[in-house]
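Participant: Let me give you the structure first, and then I'll get to my questions.
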Amino acid sequence: MKTVKLNYVGVFDGFNPKQNLVYDILKGNGYDVQISDDPDYIICDVFGENPYEWCKYPQVRIMYNGENFIPDLNLIDYAICTYPISLLDRCFHLPACVWPRSHWLSLAHRDRAYPPEFVSRKPYFANFIASHESENGIRGDFFRKLCQYKRVESPGTYLNNMPNGFTVDWTDESKTEFQRKCKFTLCFESTKSEGFVTEKLMDAFYADTIPVYFGSDTAKDIFNPNAFIHCSDYDSFDAVIEKIKELDQNDEQYLEMLRQPVLVDPDYPERLERELNQFICHIFDQPLEQAYRRSRVFHPKRYNDYLTRAVDSEQLTMKNLTARMGQKVLNRLGHPGRK
């Protein structure tokens with residue numbers, strides 16, 4: 001049994017060092033994993049008050065990130081990220097839509113043989129769940145336009161229209177339970193970045209609704225394009241809404257889409273799991289000194305040292321970024337800044 005000493009830098013509030021993807025995979029493959037203040041490996045992310053705090057650590061760096069962020073391979077050795085970037089054995093594409101993993105894995109062989117009366121069991125037309133506006137105001141614009149046809153339930157914190165301000169929490173089953181009551185789910189990414197597909201689309205499928213999706217066209221590489229409405233396939237939002245109306249007013253057509261297989265390749269989830277296991281184990285199976293991939297000399301070193309000095313001098317903090325950019329700008333980008 002190989003002993004692995006690691007620690008985490010730049011992770012989100014509430015992160016559990018012993019309940020996360022890297023830790024679970026290593027333990028599942030027989031490694032003795034120790035969370036150490038003197039680690040050999042750093043698992044880093046982009047959260048925290050100092051976004052580049054991990055530049056201060058000379059250890060092997062593995063960025064594990066599920067956000068709309070492309071890792072800088074000048075600064076890290078390996079990346080597990082939401083974008084399909086590739087560089088020898090250094091990168092693994094893990095779409096953000098695979099969380100929660102239990103939901104994602106269940107989609108491959110899900111029974112979609114819904115009976116005719118399934119539609120009548122849904123008391124609501126559609127739902128929209130968001131905590132903030134998206135880039136260019138796309139989310140709010142579509143929501144308001146669709147509401148001109150029929151009421152859209154909005155139990156998120158953004159544009160909430162529920163009695164007594166009722167909300168659901170995306171981190172628990174309350175979101176799924178609410179979405180199950182709806183025929184359609186608006187799944188609008190915060191920004192349209194090709195390759196970036198989040199859990200919003202997967203959540204809608206898991207809740208047995210028809211997703212109305214705005215975001216990356218690569219979503220159709222993963223999810224069956226006949227099973228959801230992709231806004232990019234239409235000339236305008238008006239045309240999208242006409243399609244929604246058509247399905248809403250014809251149960252047979254609605255069920256035809258709802259019954260479609262969710263995934264383009266039903267073997268993809270299990271294959272992704274295997275390949276991710278291989279990628280992570282490969283990193284830790286190497287002798288430690290051979291596991292480094294980033295250059296630690298010349299220009300990359302100068303770049304790393306510059307960021308380290310900026311962190312130490314508190315130039316790179318969310319407080320300072322908020323002051324420079326303005327809280328309203330950060331809100332539009334979906335970052336709360338400093339509370």
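The values are calculated or read from the model by the stated rules, or taken from the named source; none is laboratory data. Keep in mind that what you see is a predicted model, and the values were worked out from it rather than measured. Counting neighbours? That spans all protein chains shown, and the Cβs are built from the backbone with ideal geometry, glycine included. Ligands, DNA and RNA are stripped out before the accessible areas are found, and what is left, the full protein with its side chains, is counted by its heavy atoms. Shrake-Rupley method; radii C 1.70, N 1.55, O 1.52, S 1.80 Å.
Participant: Want the number for residue 217 to residue 157: 0.36 nm per residue separation, take away the alpha-carbon distance, what's left?
Facilitator: 18.9 nm
Participant: Starting from the amide H of residue 218, placed 1.01 Å from N in the peptide plane, find each other amide H under 5 Å away whose residue is 5 or more places distant or on another chain.
Facilitator: 195
Participant: Given the options 28, 14, 165, state which has the largest fluctuation in a GNM of the chain using a 10 Å cut-off (strictly under) for Cα springs.
Facilitator: With Cα springs under 10 Å in the chain, the top fluctuation among 28, 14, 165 is at 14.
Participant: Rounded if a/c is under 1.5, else prolate if a/b is larger than b/c, else oblate: which is the range 74-162, with a ≥ b ≥ c the root eigenvalues of its Cα gyration tensor? Walk me through the numbers before you get to the answer.
Facilitator: Values: a/c = 3.36, a/b = 1.51, b/c = 2.23.
Note, shape of the range 74-162 comes out oblate.
Participant: Still on this structure, please answer the following. By the gyration tensor of its Cα atoms, with a ≥ b ≥ c the square roots of the eigenvalues, what is the shape of the range 121-276: rounded for a/c under 1.5, prolate for a/b over b/c, or oblate? Let's see the in-between values first.
Facilitator: Values: a/c = 1.37, a/b = 1.26, b/c = 1.08.
Rounded, since a/c falls under 1.5.
Participant: Run the reach check for residue 183 against lysines, Cα to Cα strictly under 17 Å, same-chain hits fewer than 8 apart removed. What comes back?
Facilitator: 122, 150, 175, 200, 243, 245
Participant: While we're looking at this one, here's another question. Near residue 156, within a Cβ-to-Cβ distance under 13 Å, what is the net charge of the other residues, with Lys and Arg +1 and Asp and Glu -1? Before the final figure, lay out each step's value.
Facilitator: On the way: positive: 139, 175, 200; negative: 133, 153, 169, 203.
Neighbourhood net charge equals -1.
Participant: With every protein chain in place, what's the accessible area of residue 13 (1.4 Å probe, Å², nearest 10)?
Facilitator: The accessible area comes out at roughly 150 Å².
Participant: Using only the alpha carbon atoms of the chain, find the Kirkwood hydrodynamic radius as the inverse mean reciprocal pair distance, in angstroms to one decimal.
Facilitator: Numbers: mean 1/r = 0.0456 Å⁻¹.
One decimal place: 21.9 Å for the Kirkwood radius.
Participant: Between residue 246 and residue 224, what length comes free when the chain is fully extended (0.36 nm per residue of separation minus the Cα-Cα distance, one decimal in nm)? Please list the in-between numbers first.
Facilitator: Details: separation 22, 0.36 × 22 = 7.92 nm, distance 1.97 nm.
The residue 246-residue 224 span can extend by a further 5.9 nm.
Participant: Sequence-distant or interchain residues sharing an amide H contact under 5 Å with residue 33, placed H: which?
Facilitator: Residues meeting the amide H criterion: 4.
Participant: Kindly state, to the nearest 0.05, the FRET efficiency for residue 149 paired with residue 88, given R0 = 51 Å and r defined as their beta-carbon distance.
Facilitator: 0.50
Participant: Based on Cβ point charges of +1 for Lys and Arg and -1 for Asp and Glu, what charge dipole magnitude is obtained for the range 166-237 about its Cα centre, in debye rounded to the nearest 20?
Facilitator: It works out to roughly 220 debye.
Participant: Each residue of the range 143-156 in turn: what ³J(HN,Hα) in whole Hz from Karplus with 6.51, -1.76, 1.60 and θ = phi - 60°, glycine and Pro shown as x?
Facilitator: Computed from phi, the couplings for the range 143-156 are 4, 5, 5, 5, 5, 5, 8, 8, 4, 10, 6, 10, x, x Hz.
Participant: Please list, or write none, the aspartates and glutamates whose alpha carbon is within less than 15 Å of the alpha carbon of residue 181, excluding same-chain residues fewer than 8 places away.
Facilitator: Qualifying aspartates and glutamates at Cα under 15 Å: 117, 153, 173, 203, 208, 248.
Participant: Once every Cα of the range 4-62 carries one equal point scatterer and solvent is ignored, give the base-10 log of I(q)/I(0) from the Debye formula at q = 0.27, 0.30 Å⁻¹, two decimals.
Facilitator: -1.21, -1.35
Participant: Mind putting a number on the dipole of the range 8-61 about its Cα centre? Charges go on the C-beta only, +1 for Lys and Arg and -1 for Asp and Glu, and I need it in Debye to the nearest 20.
Facilitator: 140 debye
Participant: Report the Cα centroid-to-centroid distance between the range 266-281 and the range 1-55 in angstrom, as an integer.
Facilitator: Distance between centres, Cα-based: 20 Å.
Participant: Further question: Can you find, among 184, 129, 23, the residue farthest towards the positive end of the dipole of the chain? Put +1 on the C-beta of Lys and Arg, -1 on that of Asp and Glu.
Facilitator: So the residue we want is 129.
Participant: Relative to the longest principal Cα axis of the chain, at what angle does helix 298-312 sit, 0 to 90 degrees, rounded to 10?
Facilitator: Computed tilt is about 80 degrees.
Participant: Scan around residue 213 for amide H atoms under 5 Å from its own, H built in the peptide plane at 1.01 Å from N, and keep only partners 5 or more places away or cross-chain.
Facilitator: 187, 229, 230, 231
Participant: Moving to a separate point now. By how many degrees, between 0 and 90 and to the nearest 10, does the Cα long axis of helix 268-285 differ from the longest principal axis of the chain?
Facilitator: 10 degrees
Participant: Still on this structure: Cα gyration tensor of the range 1-130, axes a ≥ b ≥ c as square roots of the eigenvalues: rounded (a/c below 1.5), prolate (a/b > b/c) or oblate?
Facilitator: prolate
Participant: Continuing with this model, one more query. Taking R0 as 35 Å, what's the FRET efficiency between residue 120 and residue 141 from their Cβ-Cβ distance, rounded to 0.05?
Facilitator: Efficiency, from the Cβ-Cβ distance: 0.70.
Participant: Could you derive backbone 3J(HN,Hα) for the range 6-19 from the dihedral phi with the Karplus parameters 6.51, -1.76 and 1.60 (θ = phi - 60°), listing whole Hz in sequence and x where the residue is Gly or Pro?
Facilitator: Result, rounded to whole Hz: 9, 8, 10, 9, x, 8, 6, 4, x, 4, 9, x, 10, 9.
Participant: A further question follows. Would you mind working out the magnitude of the charge dipole of the chain relative to its Cα centre, with +1 at each Lys and Arg C-beta and -1 at each Asp and Glu C-beta, to the nearest 20 Debye?
Facilitator: Taking the Cα centre of the chain as origin, the dipole is about 740 debye.
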